[in-house]
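Written out below as structure tokens is the structure these notes cover.
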Amino acid sequence: MKGTLEADAFVNAARELLNQEDAVGAERILAPVIHQFKADAPVQHLMGQIKKAQGQLPEAERYFRAAIAHDLRSGQYYNELGLVLQARGAHEDAIKIFRAASALVPGLLMVRVSIVRCLMSLGELTEAEREAREYIAIAPGPESWTLLGTVQRAQER
């Protein structure tokens, strides 16, 4: 019991350092105890966020995938993985992950923006426009209309 409480204290300290934008310090605290949390999705996700903040995208991807493996229903974990894949240029894979995140958490609107951006990166502008219009239908506002405008500029319209 004492070891678990101590390990939890490390996790909490790492989370606090990451919130203070000290990813290096957060990793130094979490790395020695991460093995105790192999099946703990929030802790795997936390390490993924730490790695992402450090620009270590392959490692971040690995931890986000581990978090998903232990909690298949968290749309946020899928979204984070999608962002890493997008940053790595794996746009088709990112779109699949973003669609899973959207199915799990339909209100997670940034996922729709990410899908449109991935489609644009792939040159699939017609599909990007369709997705942008769906975003407007769900959440009409300056952000969604601006996104559609960005797609239409890319289409030279």
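The values are calculated or read from the model by the stated rules, or taken from the named source; none is laboratory data. Source: prediction; values computed, not measured. Quick note on the areas: whole protein, heavy atoms, side chains included, nothing else; ligands and nucleic acids left out. Shrake-Rupley method; radii C 1.70, N 1.55, O 1.52, S 1.80 Å.
Worth pointing out:
- Tail fraction, Cα-Cα pairs, the range 76-131, threshold 17 Å, whole percent: 26
- Heavy-atom surface analysis with a 1.4 Å probe gives the range 1-113 a carbon and sulfur content of 54 percent of its accessible area.
- Our summary of shape: the Cα atoms of the range 22-98 have principal axis extents of 35, 25, 14 Å, ordered from largest down, in whole angstrom.
- Net length available on complete extension from residue 35 to residue 155 is 38.3 nm, with 0.36 nm assigned per residue and the Cα-Cα distance removed.
- Rounded to the nearest 10 degrees, the angle from helix 57-70 to the longest Cα principal axis of the chain is 80 degrees.
- Partner aspartates and glutamates whose Cα lies under 13 Å from the Cα of residue 38, excluding those fewer than 8 positions away in the same chain, are identified as 71.
- Taking a straight Cα-Cα cut-off under 14 Å and skipping sequence neighbours fewer than 8 places away in the same chain, the aspartates and glutamates within cross-link reach of residue 51 are 21, 22, 27, 59, 61, 80.
- Per residue, in Å², the accessible surface of the chain once ligands and nucleic acids are set aside, probe 1.4 Å: 54
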